[in-house]
Amino acid sequence: MTVRINVAIESSLRRFGIVRKVKRSQAVFMWEDVVGSSAAKVSSAVTCKDGILFVEVKNSVWAAELSLLKRDIIKKLNRRLGRGTIKDIRFRATGRSFQKPKAKHDKGKAEETWTIRKQALPASEITRIRELALGIEDPAVQEVFVRFAITAQETRKLRDRVLRG
């Protein structure tokens, strides 16, 4: 018995509940787009578990400010990701900066302060992913597959960058 690849992918995505997981992982990557560049300079979405988005914030003042905007942020995220995807946001003050790398000199030692920022995939990679998805008949599953594959590829590249130092 042979099973077509698109049928196998569609049933796997549904069976393992990956559709919702993909959407939730996308919330991390769209944080800056949703909150704007000012808030993104002092905060960074870290992960999303069971519908709760965990966000690190520069200090408690910003955590309080973003907490006041939480309801609106959740609405914006759910408008993009689908109703009920994000249930709550938890902010944690870390005391660290989310600015681009800067060298600090202290007694001759260079110390680097940085944050991890995702980079968009090249158009050629996105095209390749979309071509792979053409075999999936259901358009909704096809789009979920594309978003999942793009997110997975961006995550892999980000992880590789971090590990290289």
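Here, each number is a calculation from the coordinates, and none is a lab measurement. Predicted model, so just to flag it, every value in this text is computed and none were measured. Positions of Cβ are backbone-derived with ideal geometry, glycine not excepted, and every protein chain shown enters the neighbour counts.
At-a-glance table
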read-out: Label-point separation, L69 to K49 (7 Å along Cα→Cβ), nm; value: 2.6
read-out: Potential lengthening between D33 and R79 on full extension [0.36 nm per residue; Cα-Cα distance subtracted]; value: 15.3 nm
read-out: Phi to ³J(HN,Hα) by Karplus 6.51 cos²θ - 1.76 cosθ + 1.60 over segment 77-91, Hz, x for Gly, Pro; value: 4, 5, 5, 7, 9, x, 4, x, 5, 9, 9, 7, 10, 10, 9
read-out: Placed amide H near T85: partners under 5 Å, 5+ positions off or other chain; value: none
read-out: Residues with amide H under 5 Å from that of V46, placed H, sequence gap 5 or more; value: F54, V55, E56
read-out: Estimated FRET transfer efficiency (S12, A93; beta-carbon r; R0 41 Å; 0.05); value: 0.55
read-out: Linear extension gain, R20 paired with L132, 0.36 nm per residue minus alpha-carbon span; value: 38.2 nm
